[in-house]
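Take a look at the structure below.
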Amino acid sequence: MATTTIEAMKALAAGTELGVSDWLTVDQAMIDRFADATDDHQFIHVNPDMARMTPFGGTIAHGFLTLSLLTTLLQRSEAASVDGVRMAINYGTNKVRFLTPVRSGSRVRGRFVHGAFEERRPGQYQQTIEATVEIEGQDKPALVAEWLFQLYA
């Protein structure tokens, strides 16, 4: 895994691509496990027969499942970790938009772009990443999000 320094992150221009992940298949088993974990069993996600009668033509992933994949997609990308960081925590999002449903069996990948890296207090930094989940073969992404992290050096 590649690494970078805090100073390099501070100097990085907004809009610089940090990394792109490999493709990940979102299959019905993954969707069903997410439905069980969240107790969200709406038919559009878990009932292929009923879902075939909708405009989607089959089951689709929960939007929040797609959002939750950001973590694994970032880990599977070539985005560099920051040397000297003892702990990084997910601080949430400023914006999330679900643009295109992810149909069961689709492959998705994450694209991560640098937004900002600011020192909040000595040894504590806030990183903003523009995250996009792309769907293989689709022009429009599944989601876009402004994702925030707190890093402690």
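Quick notes on this structure:
- Test: residue in the stretch 76-85 that is within 27 Å of residue 105 (Cβ to Cβ), among the polar types (S, T, N, Q), within 16 Å of the chain's Cα centre (by Cα) and not in a strand (DSSP E or B): yes
- Subset of the stretch 86-96 (residues that are of a type in the set (Lys, Arg) and under 16 Å from the mean Cα position of the chain (by Cα)): 95
- Within the stretch 42-75, if we keep just the residues that are aliphatic (A, V, I, L, M) and not in a helix (DSSP H, G or I), the residue that is surrounded by the most Cβ atoms within 10 Å (Cβ to Cβ) turns out to be 61.
- Filtered by the rule that a residue be without any contact (Cβ under 8 Å) to a residue 60 or more places away in the chain, more than 19 Å from residue 113 (Cβ to Cβ) and either surrounded by 13 or more Cβ atoms within 10 Å (Cβ to Cβ) or aliphatic (A, V, I, L, M) (or both), the stretch 9-41 gives 29, 30, 32, 34, 35, 37, 38, 40.
- Residues that are of a type in the set (Gly, Ala, Ser) and either part of a strand (DSSP E or B) or surrounded by 15 or more Cβ atoms within 10 Å (Cβ to Cβ) (or both) within the stretch 120-152 comprise 131, 142, 145, listed in sequence order.
- Here is the figure for the stretch 1-28: residues that are of a type in the set (Val, Ile, Thr), under 20 Å from residue 85 (Cβ atoms) and outside any helix (DSSP H, G or I) total 4.
- For residue 135, the test of being touching a helix residue (DSSP H, G or I) at 6+ places or on another chain (Cβ under 8 Å) and free of Cβ contacts under 8 Å to residues at least 60 places away in the same chain is failed.
- One residue alone among 31, 44 is farther than 14 Å from residue 80 by Cβ, modelled with pLDDT of 95 or more, within 18 Å of the chain's Cα centre (by Cα) and of a type in the set (A, V, I, L, M, F, W, C), and that residue is 31.
The values are calculated or read from the model by the stated rules, or taken from the named source; none is laboratory data. What you are looking at is a predicted structure, and each value in this text was computed from that prediction instead of being measured. Glycine gets a Cβ as well: all are built from the backbone with ideal geometry, and neighbour counts include every protein chain shown.
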